[in-house]
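Chemist: Below is one structure. I have some questions about it.
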Amino acid sequence: MDLADADLNLLVTFDALLAERSVTRAAERVGLSQPAMSNALRRLRSLLNDPVLVRTRDGMAPTQRALELVDPIHEALAQLDRALTSDRGFDPRTSQHTFRIGTADVIEFLLLPRVLTRLAEEAPGINLEVSQLQGGLPVEELRTGRLDLAIGNFIEVDEPFRSETLMRENLVCAARKGHPKIGRRLTLKLFTELGHALVTPHGHPGGVVDRVLAERGLERRVVVTTPHFLVAPILVVHSDLIVTLAERVARAFASFLPLEIFKPPIDVPGFSLGIVWHSRTADDPPHRWFRGMLTELAKEL
């Protein structure tokens, strides 16, 4: 390939196509019509001598050659963007930017209202696209730029990703006010006798509470499981079940629902919530500002 004869705008097309895996969405991302993007894809295939994207039962999928190129091309475009914009600095008051975040409903519930308030005050031109995480760390989405950052409880984060802790969270138990069997405190005997609601975002049976109980030769009865943290307190309010969940979530719900919060009768380890991003955005001014804002707001929770 002779770069002097190549249309380097096709690299922007490639970056958008690999991020979106859709001609229509890629066209919207870079401001082209769908026919223009289809034509750009044909030229891109000719330039690279590779199909780039192939149609499968699950939609468009990248070829192996495309996957090999996605990081170098994205990083090259990011470096070019930084080189052209670094002298202008970053002003959140005038920035027109969209951040794509992958997270869980509980983090949206706790953090998103504060983020939107801050953006309205300091960065009215910045938009958010929030999507639900379906598993662990969304490696492919972060690698291709479909997500700018992920927020959650991620155990191991290796290169080319970076991470920062937002907050530590403890677990508490919650039950409806006036529960007929619970007095001033929740005993271990009662804890194992009562029915439980269990939040299991990924559908896995059991959880940290069950592991701690099993170490003591005990078990509990899980009456209902739900993948949604924000549904569990509602279920508990309308039943005699109890639930073990993040303390900040429980206390937020107890401020407007008839819930009582109890210390768990066993030592249940807490967990950390953190931000993860790709190293290519580590020094990008908009991303640095946004991550700093999230860290600052998390300290207020």
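Chemist: Mind listing just one residue for me: the one in the stretch 174-190 that is among the aliphatic types (A, V, I, L, M) and farther than 30 Å from residue 102 by Cβ and, of those, surrounded by the fewest Cβ atoms within 10 Å (Cβ to Cβ)?
Modeler: Applying the filter and picking the extreme gives 188.
Chemist: Right, here's the next one. From (1) of a type in the set (Phe, Trp, Tyr); (2) buried (at least 18 other Cβ atoms within 10 Å of the Cβ); (3) closer than 20 Å to residue 102 by Cβ, pick out the condition that doesn't hold for residue 271.
Modeler: Evaluating residue 271 over (1) of a type in the set (Phe, Trp, Tyr); (2) buried (at least 18 other Cβ atoms within 10 Å of the Cβ); (3) closer than 20 Å to residue 102 by Cβ leaves (2) as the failure.
Chemist: So which residues in the stretch 61-90 are assigned to a helix (DSSP H, G or I), of a type in the set (Gly, Ala, Ser) and modelled with pLDDT of 75 or more?
Modeler: Within the stretch 61-90, 66, 76, 78 qualify.
Chemist: Taking residue 151 as the residue in question, decide whether it is within 30 Å of residue 29 (Cβ to Cβ) and out of contact with any Cys (no Cβ under 8 Å at 6 or more places or on another chain).
Modeler: When the stated conditions are applied, residue 151 passes them.
Chemist: Keeping to the stretch 142-167, report how many residues are charged (D, E, K, R) and modelled with pLDDT of 90 or more.
Modeler: Count: 3.
Chemist: If you check residue 56 against the conditions, is it among the polar types (S, T, N, Q), closer than 24 Å to residue 142 by Cβ and surrounded by 14 or more Cβ atoms within 10 Å (Cβ to Cβ)?
Modeler: no
Chemist: Here's something else I'd like to know. Of all residues in the stretch 218-235, which are farther than 15 Å from residue 206 by Cβ and touching a Leu at 6+ places or on another chain (Cβ under 7 Å)?
Modeler: 229, 232, 233, 235
Chemist: Mind checking which residues of the stretch 120-140 are closer than 30 Å to residue 71 by Cα and modelled with pLDDT of 90 or more?
Modeler: Of everything in the stretch 120-140, those that are closer than 30 Å to residue 71 by Cα and modelled with pLDDT of 90 or more turn out to be 123, 125, 126, 127, 128, 129, 130, 131.
Chemist: Can you tell me which residue in the stretch 26-44 is surrounded by the fewest Cβ atoms within 10 Å (Cβ to Cβ), limited to those that are charged (D, E, K, R) and modelled with pLDDT of 90 or more?
Modeler: The qualifying residue surrounded by the fewest Cβ atoms within 10 Å (Cβ to Cβ) is 42.
Chemist: Across the stretch 141-159, which residue is nearest to the chain's Cα centre (by Cα) among those that are farther than 22 Å from residue 21 by Cα and of a type outside the set (A, V, I, L, M, F, W, C)?
Modeler: Once the filter is applied, the top-ranked residue is 152.
Chemist: Ok, one more. Can you confirm whether the stretch 191-209 contains a residue that is buried (at least 19 other Cβ atoms within 10 Å of the Cβ), over 17 Å from residue 273 (Cα atoms) and in contact with a Pro (Cβ under 7 Å, 6 or more places away or on another chain)?
Modeler: There is at least one residue in the stretch 191-209 that is buried (at least 19 other Cβ atoms within 10 Å of the Cβ), over 17 Å from residue 273 (Cα atoms) and in contact with a Pro (Cβ under 7 Å, 6 or more places away or on another chain).
Chemist: Now for a separate question. Checking residue 199 against (1) among the aliphatic types (A, V, I, L, M); (2) at pLDDT 90 or above; (3) closer than 26 Å to residue 156 by Cβ, which test does it fail?
Modeler: It fails just one condition, (2).
Chemist: Pick out, from the stretch 203-301, the helices (runs of 4 or more DSSP H) lying fully within it that include 2 or more residues that are among the charged types (D, E, K, R) and within 25 Å of residue 182 (Cα to Cα).
Modeler: Filter on the stretch 203-301 gives 208-215, 247-254.
The values are calculated or read from the model by the stated rules, or taken from the named source; none is laboratory data. Predicted model only: the values in this text are computed from it and were never measured. With ideal geometry, Cβ positions are generated from the backbone for all residues, glycine too; neighbour counts draw on all protein chains shown.
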